[in-house]
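*Asks:* For reference, the structure I am asking about is given below.
The values are calculated or read from the model by the stated rules, or taken from the named source; none is laboratory data. Computed from a predicted model, the values in this text were never measured in an experiment. Neighbour counts are summed over all protein chains in view; Cβ atoms, including those assigned to glycine, are modelled from backbone coordinates with ideal geometry.
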Amino acid sequence: MVNIIFACVHNAGRSQMAAAIFNQLVDPLKAQAMSAGTEPGERVHPEVLVVMHEIGIDLRYAKPQKLTEELAKDAQLLITMGCGDQCRKQWPSIYAESPRHSSPPTQPAFWLLPKVSSAGARGPAKVQ
């Protein structure tokens, strides 16, 4: 099982979306993602709930959580989305910063696929 953490500062937007979409794309017996933040907010942003609902993913019950040693201990990869320096220093062995502007927003993040090739990706989802 490949365990991945998507992390940002507040765990209220980008990392919640990334983990949820990742979990939709991979075989759940081979990989799973979670999200966390270095300074978690009180709730997931309302606009995130709306957008994710539009693509069929329900995040109503998602709660921002703190990125801790306990969460990170079983992860093979930590993908940061804005908390780079803080995450890099604390978890250097699993750290991977998401590339900025690596592809148009409508393209999947193919840069990640080699890192999780054993995750049994089911292919990119068409998000309309």
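*Asks:* Identify, please: which residue in region 14-31 is assigned to a helix (DSSP H, G or I) and not aliphatic (A, V, I, L, M) and is, among those, farthest from the chain's Cα centre (by Cα)? Full working, then the answer.
*Replies:* Of region 14-31, the ones assigned to a helix (DSSP H, G or I) are 14-25.
Right, trim to not aliphatic (A, V, I, L, M) and you get 14-16, 22-24.
On the way: 14: 7, 15: 4, 16: 6, 22: 7, 23: 9, 24: 12 Å.
Top of the filtered list is 24.
*Asks:* Here's a follow-up. Can residue 34 be described as touching a helix residue (DSSP H, G or I) at 6+ places or on another chain (Cβ under 7 Å), in a helix (DSSP H, G or I) and surrounded by 15 or more Cβ atoms within 10 Å (Cβ to Cβ)? Show your work before the answer.
*Replies:* Values: touching a helix residue (DSSP H, G or I) at 6+ places or on another chain (Cβ under 7 Å): yes; in a helix (DSSP H, G or I): no; surrounded by 15 or more Cβ atoms within 10 Å (Cβ to Cβ): yes.
So residue 34 fails the test.
*Asks:* Does residue 96 fit the bill of being at pLDDT 95 or above, within 20 Å of residue 1 (Cβ to Cβ) and not in a loop (DSSP other than H, G, I, E, B)?
*Replies:* Values: at pLDDT 95 or above: no; within 20 Å of residue 1 (Cβ to Cβ): yes; not in a loop (DSSP other than H, G, I, E, B): yes.
Here the answer is no, as residue 96 does not meet what is asked.
*Asks:* Same structure, new question: Among the residues of region 60-86, write down those that are assigned to a loop (DSSP other than H, G, I, E, B) and surrounded by fewer than 19 Cβ atoms within 10 Å (Cβ to Cβ). Steps first, please.
*Replies:* If we filter region 60-86 for residues that are assigned to a loop (DSSP other than H, G, I, E, B), which is where we start, we get 60-65, 67-68, 73-76, 81-83.
Once the filter is applied, which keeps residues that are assigned to a loop (DSSP other than H, G, I, E, B) and surrounded by fewer than 19 Cβ atoms within 10 Å (Cβ to Cβ), region 60-86 yields 60, 61, 63, 65, 68, 73, 74, 76, 82.
*Asks:* Can you confirm whether region 102-111 contains a residue that is of a type outside the set (A, V, I, L, M), modelled with pLDDT under 85, on the phi > 0 side of the Ramachandran plot and out of contact with any His (no Cβ under 9 Å at 6 or more places or on another chain)? Let's see the steps before the verdict.
*Replies:* Within region 102-111, the first condition is being of a type outside the set (A, V, I, L, M), and the residues that meet it are 102-108, 110-111.
Retained after the next criterion (residues that are modelled with pLDDT under 85): 102-108, 110-111.
Pick out the ones that are also on the phi > 0 side of the Ramachandran plot and you get none.
Among the residues of region 102-111, not one is of a type outside the set (A, V, I, L, M), modelled with pLDDT under 85, on the phi > 0 side of the Ramachandran plot and out of contact with any His (no Cβ under 9 Å at 6 or more places or on another chain), which makes the answer no.
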